[in-house]
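The values are calculated or read from the model by the stated rules, or taken from the named source; none is laboratory data. Quantities reported herein were computed from a predicted structural model and do not represent experimental measurements. Using ideal geometry, Cβ is built from the backbone for each residue, glycine included, and neighbour counts are taken over all protein chains shown.
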Amino acid sequence: MGKLEWDKIGERRYETGVDRVVLYKNNGNSAYAWNGITGITENPSGAEPSILWANNKKYMTLMSIEQLGLTIEAYTYPNEFLGCIGKEELSPGVLISQQEHEHFGLSYRTLVGNDERGNDYAYKVHLVYNCLASPTEENHASTSDSPDISPFSWDIDTTPVEVENRQSTSKLTFSSSDLKKAGMANVLRGIEDALYGTSKTSAYLPTVSQVMNLIEFHSTLRDSNGNAITDSSGNKMLSKVYE
């Protein structure tokens, strides 16, 4: 309740940058750091209204299903991405093109800034499922007295995955600021440990159901054996961490 206010200190936010890009293959079980990314553009499509008419008037409006596409721009890519763009190694140093394109997953981070802390305010972690890269042109130009390099660019299509009690989706996004405000910094750490790996575990892309399990696990107090701690009424005790 109360009067609306604009441009309050700390609420002038913006988003910028992209980093910590990871390529996932083998159903998300193999992870590879991707260096040299210059941009990831999300290109949603669909979600268009279709008007139905009856009795000489507007009867209802139906909305088409929304789809997600991406454009990835980079100076380089990991060797493991070759299979995703239809290239295979015939023998060491010999590639054959126009082969089957492998499906893959992605995760990447974007920065969230504000008027107080700049780019250090917060960040978002994005998970993208069931990606398929389309063939794109590769430009090769002569070197000259104006140094330049030839960047790569790929158009990416996605196929949504099933989500219990929700519409299917190709993408999940985690907001560090919102999770920390909710006292769920442990959940954020748990998701990042899965995506990037730890000294004891390998990185992987969790499915949506695995994400929900991670959220439940890390938001609950646990004993040394990993079992949930309950109160006198048998309710699970939440692991509230504020940063």
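Screening S175 against (1) within 23 Å of H101 (Cα to Cα); (2) at pLDDT 90 or above leaves a single unmet condition, (1). Tallying residues that are surrounded by 12 or more Cβ atoms within 10 Å (Cβ to Cβ) and on the phi > 0 side of the Ramachandran plot within segment 1-25 yields 2. Scan segment 69-92 for residues that are over 16 Å from Y24 (Cβ atoms) and among the polar types (S, T, N, Q) and jot them down. Scanning segment 69-92 gives T71, T76, S91. Checked against the criterion of being farther than 30 Å from G10 by Cα, surrounded by fewer than 14 Cβ atoms within 10 Å (Cβ to Cβ) and not polar (S, T, N, Q), segment 165-175 contains one or more residues that satisfy it.
Restricted to segment 129-243, the set of helices (runs of 4 or more DSSP H) holding at least 3 residues that are under 25 Å from I72 (Cα atoms) and out of contact with any Phe, Trp or Tyr (no Cβ under 8 Å at 6 or more places or on another chain) comprises 185-196. Taking first residues from segment 59-77 that are farther than 30 Å from W34 by Cα and small (G, A, S) and partners that are modelled with pLDDT under 90 and outside any strand (DSSP E or B), the Cβ contacts under 7 Å between residues at least 6 apart in sequence or on separate chains come to S64/G46; S64/A47; S64/E48. When we screen I96, I51 for residues that are at pLDDT below 95, in contact with a Ser or Thr (Cβ under 6 Å, 6 or more places away or on another chain) and of a type in the set (V, I, T), the only hit is I51.
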